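Structure, as structure tokens:
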Amino acid sequence: MSIVLALAVTLLTFALLFMVIRIKARQHNDLVNRMEYFSGAAVQLRQQRLRGVKPTEIAKDRLRNWLRRAGGWLRQIQHSNRMDLKMQQADWPLLGSEYEVMLGLFGGLCALIMLAATLEPLFALLSFIGGVLAGLAFLNIYIKRRQKAFTTQLGDMLIMVANALRAGFSFMQAFELIAKEMDAPIGREVQKVVNEVNIGVDVETALDNMQKRVNSPDFELVVTAVVIQRQVGGNLAQILDTISDTINNRVRMRREIMTLTAQGRASGVVLALMPVGVGFIMSLVNPAYLRPLFEEPVGQACVAGAIVMEIIGFLVIRRIVNIKF
């Protein structure tokens, strides 16, 4: 009952604040429109409307500008930002400081919702931390999927480069062909290499930067082979064919291992979710049955111990089925 009352009070407060803000914003917009009708900003806005630019796109531009300013302020108080490399690995058009601002906003939103629902500052703090960790987890999952897609395309890329070299193309001409013909992520990454070389960066440095973005041990073999060939010479097309065969064999072996360990990974997920599912069903059938677990100190200690052991068991199973080669 207290949670419902807290939610009702919070929603009513937000509704009143929203109405006041809308009234003030409308008065402010009327004044601004009257004062800036003949200004450069108003002319630009009318030109955008004539070109068919939607108001939602204008709102997105304003949001991007605000994120850029907030990220710039955050960068001034930071000595270094490792999140910039993460943004390059994900190929997102953001700076690391801008994504950190977004994480803070998402965590604050989660904390505000939890505070309105429970009126407990501790739960709100935990929700803020959970929101930030969820954003970081989403970023890492996206980067891993992109790296996996890159590794899958790498064998075909090397075959195309080797065939282009045999046809008389130079190495950079072959890369330009890859950038035009292949899809993302490998086409995007190769295009970045071509752009860096066009502005004066040497090929070795551009390939090293690409390796930092994709973080692929298979592509590291390619970078090493290209650097050695440019220093001492040799048949680069034949070397790339050999590396392509090695990469394709590793990809095939990795898929076979994923198939053989699928049952173990599924067992870990099922065993981790089964207690939660059973507890939810029992709470629906007989709510009073599990109440001592959450109200009594001994029950709370048992629940905490069970959660810790569940996490340990899940991590152990993942460690067993995670075969590296």
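Looking across the range 61-113, just one residue is at pLDDT below 80, touching a helix residue (DSSP H, G or I) at 6+ places or on another chain (Cβ under 8 Å), under 28 Å from ALA184 (Cβ atoms) and among the polar types (S, T, N, Q), and that is ASN81. Picking from residues in the range 174-207 that are charged (D, E, K, R) and surrounded by fewer than 15 Cβ atoms within 10 Å (Cβ to Cβ), the one that is farthest from LEU236 (Cα to Cα) is ASP183. Just one of the listed residues (LEU260, LEU273) is under 30 Å from ASN322 (Cβ atoms), of a type in the set (A, V, I, L, M, F, W, C) and either touching a Lys or Arg at 6+ places or on another chain (Cβ under 6 Å) or surrounded by 12 or more Cβ atoms within 10 Å (Cβ to Cβ) (or both), namely LEU273. The conditions of being part of a helix (DSSP H, G or I), free of Cβ contacts under 8 Å to residues at least 60 places away in the same chain and within 30 Å of ALA206 (Cβ to Cβ) are not met by GLN238.
Consider ALA184 carefully, then state whether it is outside the structural domain of ASN322 (by TED's automatic domain parsing), in a loop (DSSP other than H, G, I, E, B) and either aliphatic (A, V, I, L, M) or in contact with a Leu (Cβ under 7 Å, 6 or more places away or on another chain) (or both).
Here the answer is yes, as ALA184 does meet what is asked.
If you go through the range 282-310 and keep only what is of a type outside the set (Gly, Ala, Ser) and touching a residue at least 12 places away in the same chain (Cβ under 8 Å), you end up with just GLU310. For the range 120-137, the set of residues classified as surrounded by fewer than 16 Cβ atoms within 10 Å (Cβ to Cβ), more than 18 Å from the chain's Cα centre (by Cα) and hydrophobic (A, V, I, L, M, F, W, C) consists of LEU122, PHE123, LEU125, LEU126, listed by residue number.
Residue count for the range 114-141 under the criterion of being hydrophobic (A, V, I, L, M, F, W, C) and modelled with pLDDT of 90 or more: the result is 11.
Residue-wise test of (1) assigned by TED's automatic domain parsing to the domain that holds PHE219; (2) closer than 30 Å to ASP156 by Cα.
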site: LEU240; (1), (2): yes, yes
site: THR246; (1), (2): yes, yes
site: ALA266; (1), (2): no, no
site: GLY279; (1), (2): no, no
site: PHE294; (1), (2): no, no
site: ALA304; (1), (2): no, no
site: VAL316; (1), (2): no, no
site: LYS324; (1), (2): no, yes
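The values are calculated or read from the model by the stated rules, or taken from the named source; none is laboratory data. In this text, all values refer to a predicted model and were calculated from it rather than measured experimentally. Don't worry about glycine lacking a Cβ; one is built from the backbone with ideal geometry, like all the others, and counts go over all protein chains shown.
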